[in-house]
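Report on one structure; see the data block that follows.
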Amino acid sequence: MIRVGLIGYGNMGRSHGQLLLKHEDVKLLAMADAREERRAMAASELGVPKTYADGADMIAEGDFDVVFVCAPTYLHKPFAIQALEKGCHVFCEKP
C-alpha cells in the first residue's frame, strides 16, 4: 500500500486526488489546504480521514511514502524540501 499526502485542493490537487482514488494500492491518508471549504470538499469527495490547514503540519505529523505538492508555486520549495527530508517521494505540480 502506498501512503499518500496531498497538499492543495485547487484544480490540480482535486484532479490528482480523483486519480489517486482509482488505484487500489494507494491510500490517501491526509490532505492540506489553507481554505476550510476545500478541506471539507476533499474530506467529502475523497474520503480523506485527516485534513490540515497547513501542509507543513501534515508532513510533520504524517507517515507518507509520497507527498503530492499542488499548492501555489511559491510554496512548492518549502513543502518539497520538508517532505524529502522526512524521506518521502515528492510529486510537485508545475505552474
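The values are calculated or read from the model by the stated rules, or taken from the named source; none is laboratory data. Bear in mind that the values here come from a model prediction, so they are computed numbers and not experimental data. Here the Cβ is made from the backbone with ideal geometry for all residues, glycine too, and neighbour counts use every protein chain on show. Surface accessibility is based on the protein's heavy atoms, side chains included, excluding ligands, DNA and RNA. Shrake-Rupley method; radii C 1.70, N 1.55, O 1.52, S 1.80 Å.
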Looking only at segment 21-46, how many residues end up being farther than 17 Å from ALA71 by Cα and in contact (Cβ under 8 Å) with a residue 24 or more places away in the chain?
7
Among GLY55, GLY17, the single one that is in contact with a Pro (Cβ under 9 Å, 6 or more places away or on another chain) and not polar (S, T, N, Q) is GLY55
Hey, any hits in segment 72-85 for a residue that's touching a helix residue (DSSP H, G or I) at 6+ places or on another chain (Cβ under 7 Å) and β-branched (Val, Ile, Thr)?
no
Would you mind listing the strands (runs of 3 or more DSSP E) fully within segment 25-95 where at least 1 residues are open to solvent by 70 Å² or more (accessible area, probe 1.4 Å) and closer than 14 Å to GLY8 by Cβ?
89-92
Every pair of residues 6+ apart whose Cβ atoms lie under 7 Å, when the first sits in segment 1-15 and is closer than 16 Å to GLU36 by Cα and open to solvent by less than 70 Å² (accessible area, probe 1.4 Å) while the second is among the basic types (Lys, Arg) and not in a strand (DSSP E or B):
TYR9/ARG38
